[in-house]
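The values are calculated or read from the model by the stated rules, or taken from the named source; none is laboratory data. Because the structure is predicted, anything quoted here is derived from the model rather than measured. Positions of Cβ are generated from backbone atoms using ideal geometry, with glycine treated the same way; all protein chains shown enter the neighbour counts. When the accessible area is computed, the model is the full protein with side chains, heavy atoms only, and any ligands, DNA or RNA have been set aside. Shrake-Rupley method; radii C 1.70, N 1.55, O 1.52, S 1.80 Å.
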Amino acid sequence: MTVKRRNHGRNRHGRNHTRLVNCDGCGCKPPKDKAIKRFTVRNIVDKSSLSDLQEACVIDKYELPKMYNKVQYCVSCAVHRKTVRPRSAEDRKIRYQGRPPLADKFRRDD
């Protein structure tokens, strides 16, 4: 039988079972090795309010803390939110270190 992906869509090499995690999009329970995981770092305050806070701050060069959030999605939610994109059969053979760069046709010039 033909195989679509080299790792069968999982990262479970040498293990028999992995625990289930909650999808942050729909609440389903994909296996931990199959879930698409992203670590987001955001400022607590949006950019429009940031200048007001810095002017009102007593301490010079005070840096606001950041929000650190790890999100885990099932495959269908990650595709729906465009966290990952489907690739052609030839492009699936390309293995990236870290996150792959966006293709030029998906890049927005703002």
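A few remarks follow.
- Number of positions in segment 1-31 that are touching a helix residue (DSSP H, G or I) at 6+ places or on another chain (Cβ under 7 Å) and either of a type in the set (Asp, Glu) or open to solvent by 100 Å² or more (accessible area, probe 1.4 Å) (or both): 1
- Members of segment 32-54 that are part of a loop (DSSP other than H, G, I, E, B), in contact with a helix residue (DSSP H, G or I) (Cβ under 9 Å, 6 or more places away or on another chain) and within 23 Å of ARG95 (Cα to Cα): LYS34, ALA35
- Each residue in segment 33-49 was checked for being open to solvent by 50 Å² or more (accessible area, probe 1.4 Å) and without any contact (Cβ under 8 Å) to a residue 24 or more places away in the chain, and 4 pass.
- Scanning segment 50-66 for residues that are surrounded by 10 or more Cβ atoms within 10 Å (Cβ to Cβ) and under 30 Å from the mean Cα position of the chain (by Cα) turns up LEU50, SER51, LEU53, LEU64, LYS66.
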